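No lab work stands behind these numbers, since they all come straight from the coordinates. No experiment lies behind these values; they were computed from the predicted model shown. Note that each Cβ is placed from the backbone with ideal geometry, even for glycine, and that neighbours are counted across all protein chains shown.
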């Protein structure tokens with residue numbers, strides 16, 4: 001096993017962009033290939049402010065769209081009077097549910113969510129109407145001029161109560177109940193620990209708000225430029241609601257300012273297209289930040305109950321768990337989230353017997369869906385707190401307990417699936433622990449380095465340090481039998497200057513993760529072509545790429561592109577063989593030329609392309625997975641990623657203030673194809689995990705969102721962000737293109753639970769709720 | 001609530017990146033951010049929160065970093081406005097921009113123009129800023145992708161290169 005150590009943060013004195021790529025240069029022969037860390041192709045545009053994000057789009061004579069949303073959590077809509085809005089000069093369209101030309105609902109999996117609420121609103125902020133006007137301020141005022149007669153109803157905001165309450169929606173309140181029964185459910189251990197835990201609602205808080213520009217087409221269709229994670233699945237939902245064939249709905253990826261799961265569901269897409277089709281003019285819509293909080297799904301809040309059984313020597317005997325996630329008013333991806341939460345509820349440990357109940361429930365809270373870590377994040381807070389409790393009960397070192405029970409290749413998950421890939425759980429634990437601990441702060445350390453920071457509140461003599469540890473795992477790509485695939489089109493031609501030029505066309509959503517860089521690296525390595533151009537992503541020129549989620553695009557779109565390269569390489573061999581009048585099996589690839597085996601002759605790719613361009617489109621489907629049976633058993637997942645995190649915190653327990661000082665991690669990456677981008681994913685994911693642990697929460701009061709702004713929903717700033725020290729564990733994954741696993745989600749999973757463990761260690765309190773609130777600490781713990 | 005009468009300014013001029021730009025028939029309530037982005041074709045300043053919390057709309061107003069979302073455009077009449085586009089054209093922030101690209105300080109890039117302006121301002125005022133001073137100076141700029149590590153490294157790289 002090879003480890004790459006990454007360091008960042010204070011006082012390491014390393015050069016930007018150096019001290020990182022400790023791998024030997026690219027796997028291929030060209031610089032900027034796989035294993036190197038070439039610059040992002042969109043980087044220069046982005047630093048110059050020239051990269052066109054969705055909210056930057058502009059057309060002559062375009063209108064501005066605005067959504068009217070429900071101020072009520074639950075209400076009957078008795079009447080909507082749009083006449084005052086319609087009469088306002090400069091208002092070009094006012095649309096409600098009555099104007100939806102096709103299917104009145106949409107949804108990722110099941111279309112259970114109204115495009116506009118017609119008779120009932122089911123959550124605070126549900127869209128009721130939309131307006132297009134000449135100016136955004138006019139559109140805002142017109143939306144306010146729409147008179148909606150609501151009759152407020154009792155809201156059901158508690159997921160446990162909703163399970164037994166009258167249905168909020170015709171589809172009922174239970175989205176999915178998943179049971180996992182494994183081994184002998186009656187087994188008992190010598191030592192038993194039990195606990196209840198809760199996780200609050202986190203927001204993706206991507207900085208680029210939802211935005212798009214819809215342009216009516218000459219054919220009665222529509223062109224939509226939009227920031228999204230999955231163009232083709234948006235298109236299917238839009239076309240259904242517009243009552244148009246899919247080919248008349250054309251989507252183009254506009255610059256995406258972050259996503260993290262929050263752009264997987266449709267937000268403004270259908271409204272925008274309806275406004276453009278109704279007015280016959282281009283319409284732009286940009287959510288303000290408060291509307292963004294209402295306009296996309298969030299991370300599911302969860303309530304967890306666990307009972308762990310172990311032998312006296314510290315072997316896990318059984319895990320019992322009950323997991324309830326609050327899906328909010330509409331389904332979104334709740335069914336897949338609860339599947340992950342249940343499957344990964346025990347954590348990355350060998351558990352011979354298990355009984356796990358997972359519930360995803362409909363309530364009148366805001367809809368919840370995908371966010372980085374997707375179900376694995378919530379349960380990690382529970383299973384890792386349990387491992388610490390168990391270690392304490394056994395009188396055992398908590399890291400040793402985890403090592404002893406760590407999954408390895410050949411082990412079975414509680415779903416019965418045998419692990420056949422790389423399972424370096426012990427290795428990621430050891431790598432995280434191996435990093436030196438940071439020094440204890442000097443008594444005269446700057447105030448900004450203390451808990452409370454600029455608030456200058458913490459007295460240095462009250463600050464206590466704690467260290468905590470957590471381990472996690474999660475699936476890559478889609479599971480439970482979903483036919484998950486990606487498409488890649490590749491064209492190879494001589495440029496105007498004769499230089500071979502590869503054009504990659506994929507519908508893969510570049511959301512910041514750097515797939516655009518990876519695509520160039522793959523083509524450079526596979527074909528020896530230096531100049532690699534990325535065509536715009538759209539639904540027009542290429543098949544679906546699937547979503548930029550589930551840490552899947554390196555494997556799926558990277559793999560599809562690798563296939564396309566292989567096909568064109570064979571075609572180049574065919575051309576060479578024809579010229580040489582030999583069999584193409586004689587041909588091999590040597591950098592940027594083709595070599596004939598028996599004679600050693602060479603033909604440059606440029607020469608071979610003189611006969612015309614080559615083009616192919618390839619699809620990669622990953623190995624089929626299976627549905628879970630009624631006992632939750634089955635080979636439901638493709639592959640798994642593992643990570644360990646160690647957190648060091650300083651706490652002022654009197655004030656309830658926490659400062660995260662250092663995060664150390666070991667992460668299983670398979671193979672680091674772009675070490676600098678991997679480091680960026682690790683640091684960025686840890687920031688989101690730390691945020692969930694100590695500050696990020698959408699606060700609800702009876703379903704009402706209390707903090708839809710960056711003033712009140714806190715994100716980690718550069719002052720809050722700890723040093724990150726990371727080790728990559730590279731054990732190539734069999735069957736994965738280049739042996740690489742996804743890297744985006746694991747940093748966001750066990751990082752938060754490690755922080756909670758560290759605060760528990762610093763305070764001795766039984767803290768069982770994330771995010772931690774000052775009162776949880778200074779009032780001495782809080783029931784889940 | 002009845003809409004207030006819309007007050008339209010028939011004409012005002014803004015000095016943006018050392019060029020006088022005319023704004024005509026604009027609603028008086030438009031922010032500098034809106035006018036730059038939607039009327040003057042300068043979308044480099046970004047619209048992430050529009051309430052002064054995220055710093056992605058940072059511009060220099062008479063040499064001082066401000067959130068363009070918190071300044072009314074008509075209040076900027078008579079001031080010199082510098083945007084990321086101006087810094088790019090002049091080359092004044094070229095080393096900062098290059099270090100961010102090379103060092104992995106850019107992911108989705110939505111916060112990036114704001115960081116470029118804030119880092120440019122910091123290093124002009126305090127070229128030898130230590131780690132904590134850098135963090136403090138950049139704490140008004142939110143980034144959701146990078147966790148700030150590579151941004152900090154890029155600042156250090158620029159400081160070292162300028163010092164040598």
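The mean count of C-beta atoms from other chains within 10 Å of the C-beta of residues in A:700-712, rounded to a whole number, is 1.
Taking each residue in B:96-102, count the Cβ atoms of any other chain within 10 Å of its Cβ, then average. What number comes out? Don't skip to the answer; put the middle values down first.
Details: counts 1, 6, 5, 4, 5, 11, 10.
Average per residue, whole number: 6.
Size estimate for the stretch B:3-101 follows the Kirkwood approach: the inverse of mean 1/r over distinct Cα pairs works out to 13.9 Å. From the alpha carbon centroid of the stretch A:502-562 to that of the stretch A:344-423 is 33 Å. When each of the peptides B:74-80, A:207-213, A:420-426 is scored by how many other beta carbons lie within 10 Å of its residues on average, the order from highest to lowest is A:207-213, A:420-426, B:74-80. The alpha carbons of the stretch B:32-154 give a radius of gyration and a Dmax of 13.6, 39 Å, in that order. Placing a label point 7 Å from the Cα of residue B:130 along the Cα-to-Cβ line, the residues of the stretch A:425-455 whose backbone N sits under 12 Å from it are A:442, A:444-449.
Which whole-number percent gives the relative contact order of the stretch A:440-575, counting Cα pairs below 8 Å spaced six or more residues apart?
Details: 174 pairs, mean separation 34.8, N = 136.
Taking the mean separation of contacting Cα pairs over the length of the stretch A:440-575, I get 26 percent.
When only Cα pairs under 8 Å and 6 or more residues apart are kept, what is the percent relative contact order across chain A?
Numbers: 2077 pairs, mean separation 132.4, N = 784.
About 17 percent, as a whole number.
Could you list A:718, A:522, A:120 so that the one with the fewest beta carbons within 10 Å of its beta carbon is first and the one with the most is last? It would help to have the intermediate numbers written out before the result.
On the way: A:718 24, A:522 30, A:120 18.
Ranked by crowding around the Cβ, least crowded first: A:120, A:718, A:522.
If you look at the Cα atoms of the protein assembly as shown, you get an Rg and a Dmax of 27.6, 86 Å.
Rg/Rh for the stretch A:386-506 to two decimals, with Rh computed the Kirkwood way over all alpha-carbon pairs. Please list the in-between numbers first.
Working: Rg = 25.1 Å, Rh = 20.6 Å.
Using only Cα positions, Rg/Rh for the stretch A:386-506 is 1.22.
Mean separation of Cα pairs under 8 Å and 6 or more residues apart, divided by the residue count, gives the stretch B:5-164 a relative contact order of 22 percent.
First measure r as the distance between the Cβ atoms of residue A:766 and residue A:699, then evaluate 1/(1 + (r/R0)^6) with R0 = 30 Å and state the FRET efficiency to the nearest 0.05.
Details: r = 23 Å, r/R0 = 0.76.
For R0 = 30 Å, the calculated efficiency reads 0.85.
For the stretch A:427-454, the residues whose amide N sits under 20 Å from a probe point set 7 Å from the Cα of residue A:778 along the beta carbon direction are A:447-454.
A Förster radius of 25 Å combined with the Cβ-Cβ distance from residue B:162 to residue A:442 puts the calculated FRET efficiency at roughly 0.25. Note on the stretch A:255-381: Rg/Rh from C-alpha atoms, Kirkwood Rh, equals 1.16.
Each of A:300, A:674 was scored by other Cβ atoms within 10 Å of its Cβ. Arranged with the fewest first, they read A:674, A:300. Hydrodynamic radius of the stretch A:485-621 by the Kirkwood approach over all distinct alpha-carbon pairs: 15.2 Å. Neighbour counts of other Cβ atoms within 10 Å put A:380, A:343 in the fewest-to-most order A:343, A:380. Mean residue ellipticity at 222 nm, helices only, the protein assembly as shown: -7500 deg cm²/dmol; runs of at least 4 DSSP H residues each add -39,500 (n - 2.57), and the sum is divided by the number of residues. Using a simple spin-label model with pseudo-atoms 7 Å out from Cα toward Cβ, residue A:98 and residue A:408 lie 7.0 nm apart.
So if the hydrodynamic radius of the stretch A:646-705 is defined as the Kirkwood radius over C-alpha pairs, what does Stokes-Einstein give as its diffusion coefficient at 10 °C and 1.306 mPa s, in µm² per second?
Details: Rh = 14.1 Å.
For the chosen part, D equals 112 µm²/s.
Look at the stretch A:717-727: the mean tally of other chain Cβ atoms within 10 Å of its residues' Cβ atoms is 5.
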